[in-house]
Amino acid sequence: MSQPNIVILAAGKGKRMHSKRPKVLHEIMGKPMIEYVVEGAKELSPSKIVVVTGHEKELVEERLKEAGLSFAAQEEQKGTAHALLTAEPMIGDGDGTGDVLVLYGDVPLARAETLRAFVAFFRRSEGVAFMTTAVSDPTGYGRVIMDGEEIRDIVEDADADASQKKIREINTGICMLRKGILPLLKEIRADNAKGEYYLTDICKIARVRGISVKGYHHDDAREVLGINTRKDLSEANRIMRERILEQHMDQGVTLLGEGIYIESDVKIGTDTVIFPFSFLRGKTIVGEGATIGPHVVINDSVLGDNVTIEPFCSLDGLTTEAGVKIGPFSRIRPTTMLKEGVKIGNFVEVKNSVIMENSKANHLSYLGDADIGKEVNIGAGTITCNYDGRKKYRTIIEDGVFVGSNTELVAPVRVGKDATIGAGSTITQDVPDGALAVSRVKQKHIEGYARRKK
Ligand code: UD1
Ligand code: CA
């Protein structure tokens, strides 16, 4: 099947959101809603995608700049018909048919297969087609007045009378028409409650000219939800969240219990098990056979196969190899690399560090700006003093080092291969390979002290 042009309307402010941010940049499961619309559009491999931008258009265009789109500027937002006309000069003949599929930037959950079925329907019927659906609460939507298979009219919520308001068949906003019909949009008047040029008024104008206007009923109203309010946004997040969880389960991930939140770009390998109240965000990728949670937050991290993330960990900007164990109660910050078999235990914070194979920091430590070799043991309470109040410095700990408990490593400093640091030391100078470094005050005993105190 040859592919149509696609126009995405995204110039509106979204007044009902009460937000400083343009509506189409509000996020659903970690991604601006407009990106879902663009992704759905791209799956149809269209000849061209034109996005109509207006309100805060720099922000919207900046966010979409890598997607290979064309932008049409609608300086004043005079309504959806006016928005589509703004895009008209940029719409080519595309595949030769000149068909135009119109999507709304605030109707983000439509699946590509639904759009494809709609395009196929349009091509059987020609003229103009609107996708409709039935909802239990039609408030805010345009009501569809049918005349057999044809749409006689679409009446906007603000203009509907009491009996029209009861109609539950609504316009999803997704519609399709021939490029040749676009000039008819100029006949639309803004003589309505909102004073806008409604795209939906094409119905009457087309029918007068004997052009057919068909309704394509889509059963799943949740997929074509329009987002006008924060409540709609919350509902869209709920729908998308469920959809994402189902996709992961279908692909062999075990998700147990409540409160699992996985953003839309996260990837998870098979046989990974995720326990309740775990949040996987951003560009996170988890390998196979991992165990995560409960109560874990992971952002922009890449975790290898068979890792274990125990409860109450916060991981951000972490990369690991296989078999790493973290937690409970660990905090990892960008940019950290943990090689195979590394263990990070409770109340350990790691930042901007590399830890090589099989090294351990099991309790109560801060490891910042450190390069730690293989088979290193970091004792409880070890601190890298990486900051002198102005600059940050690195701590280098070579393979096989044993760092005793409650050690401070004042950076920049290097601890040589197989060295040992006595517990309670403050290390300010480089330690040679294989040496024992101790810097604490020698213990002394004052005999009979308790007796004299009495
Ligand atoms: C629109 C439909 C309504 C439908 C509903 C589905 C019209 C007149 N009404 O109503 O029948 O039931 O969507 O969700 O089309 N936009 C522009 N420029 C403008 C105005 C709007 O680009 O001048 C964009 C908005 O950014 C938005 C989309 O068009 O993405 C829809 O606009 P909105 O004002 O939200 O229309 P609704 O009142 O929801
Ligand atoms: Ca809307």
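What the table below lists for this structure:
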item: Residue check, LYS343 more than 20 Å from VAL302 (Cβ to Cβ), charged (D, E, K, R) and in the same structural domain as SER405 (by TED's automatic domain parsing); result: no
item: Scan of segment 261-283 for residues that are over 10 Å from GLY30 (Cβ atoms), part of a loop (DSSP other than H, G, I, E, B) and not small (Gly, Ala, Ser), ordered by number; result: THR270, ASP271, THR272, PHE275, PRO276, PHE277
item: In segment 337-396, the residues that are among the basic types (Lys, Arg) and not in a strand (DSSP E or B); result: LYS339, LYS374, ARG390, LYS391, ARG394
item: Test for THR80: is it of a type outside the set (Phe, Trp, Tyr) and in contact with an Asp or Glu (Cβ under 8 Å, 6 or more places away or on another chain); result: yes
item: Candidate set from segment 226-260 (those that are touching a helix residue (DSSP H, G or I) at 6+ places or on another chain (Cβ under 6 Å) and not in a helix (DSSP H, G or I)); member that is farthest from GLY142 (Cα to Cα); result: LEU255
item: Within segment 412-454, considering residues that are part of a loop (DSSP other than H, G, I, E, B) and polar (S, T, N, Q), the one surrounded by the most Cβ atoms within 10 Å (Cβ to Cβ); result: SER425
item: Subset of segment 1-21 (residues that are assigned to a loop (DSSP other than H, G, I, E, B), more than 13 Å from ligand 2 (Cβ to nearest atom) and buried (at least 20 other Cβ atoms within 10 Å of the Cβ)); result: PRO4
item: Residues being in a loop (DSSP other than H, G, I, E, B), without any contact (Cβ under 8 Å) to a residue 60 or more places away in the chain and surrounded by fewer than 15 Cβ atoms within 10 Å (Cβ to Cβ) - total across segment 27-73; result: 2
item: Verdict on ILE298 being buried (at least 17 other Cβ atoms within 10 Å of the Cβ) and more than 18 Å from the chain's Cα centre (by Cα); result: no
item: Residue that is nearest to ligand 2 (Cβ to nearest atom) [pool: residues in segment 161-172 that are among the aliphatic types (A, V, I, L, M) and within 37 Å of the chain's Cα centre (by Cα)]; result: ILE170
item: Residue within segment 72-92 that is among the β-branched types (Val, Ile, Thr), touching a Leu at 6+ places or on another chain (Cβ under 8 Å) and away from ligand 2 (no atom under 16 Å from the Cβ) present; result: yes
item: Filter pass, ARG207 being within 16 Å of ligand 2 (Cβ to nearest atom), among the basic types (Lys, Arg), in a helix (DSSP H, G or I) and not assigned by TED's automatic domain parsing to the domain that holds THR320; result: no
item: The listed residue being more than 13 Å from ligand 1 (Cβ to nearest atom), modelled with pLDDT of 95 or more and among the acidic types (Asp, Glu), out of GLU223, GLU187, GLU196; result: GLU187
item: Flag if THR284 is in the same structural domain as ILE268 (by TED's automatic domain parsing) and closer than 21 Å to LYS374 by Cα; result: no
item: Scope segment 113-156; condition within 13 Å of ligand 1 (Cβ to nearest atom) and loosely packed, with under 15 Cβ neighbours inside 10 Å; matching residues; result: ALA134, ASP137, THR139
item: Selection status of LYS179, at pLDDT 95 or above and among the charged types (D, E, K, R); result: no
item: Subset of segment 88-112 [among the charged types (D, E, K, R) and either under 17 Å from PRO183 (Cβ atoms) or within 14 Å of ligand 1 (Cβ to nearest atom) (or both)]; result: GLU88, ASP93, ASP99, ASP106
item: Whichever residue in segment 75-85 is touching a strand residue (DSSP E or B) at 6+ places or on another chain (Cβ under 7 Å) and crowded, with 23+ Cβ neighbours inside 10 Å and, among such residues, is farthest from SER47 (Cα to Cα); result: THR80
item: Scan of segment 384-405 for residues that are out of contact with any strand residue (DSSP E or B) (no Cβ under 7 Å at 6 or more places or on another chain) and either surrounded by fewer than 18 Cβ atoms within 10 Å (Cβ to Cβ) or under 13 Å from THR428 (Cα atoms) (or both), ordered by number; result: TYR387, ASP388, GLY389, ARG390, LYS391, LYS392, TYR393, ASP399, SER405
item: Matching option when the condition is within 21 Å of LYS417 (Cβ to Cβ), small (Gly, Ala, Ser) and buried (at least 17 other Cβ atoms within 10 Å of the Cβ), among GLY368, GLY379; result: GLY379
item: Restricting segment 226-238 to residues that are charged (D, E, K, R) and closer than 24 Å to ALA11 by Cα, the residue that is nearest to ligand 1 (Cβ to nearest atom); result: ASP232
item: Residue among LYS15, LYS23 that is within 14 Å of ILE227 (Cα to Cα), within 15 Å of ligand 1 (Cβ to nearest atom) and more than 23 Å from the chain's Cα centre (by Cα); result: LYS15
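The values are calculated or read from the model by the stated rules, or taken from the named source; none is laboratory data. What you are looking at is a predicted structure, and each value in this text was computed from that prediction instead of being measured. With ideal geometry, Cβ positions are generated from the backbone for all residues, glycine too; neighbour counts draw on all protein chains shown.
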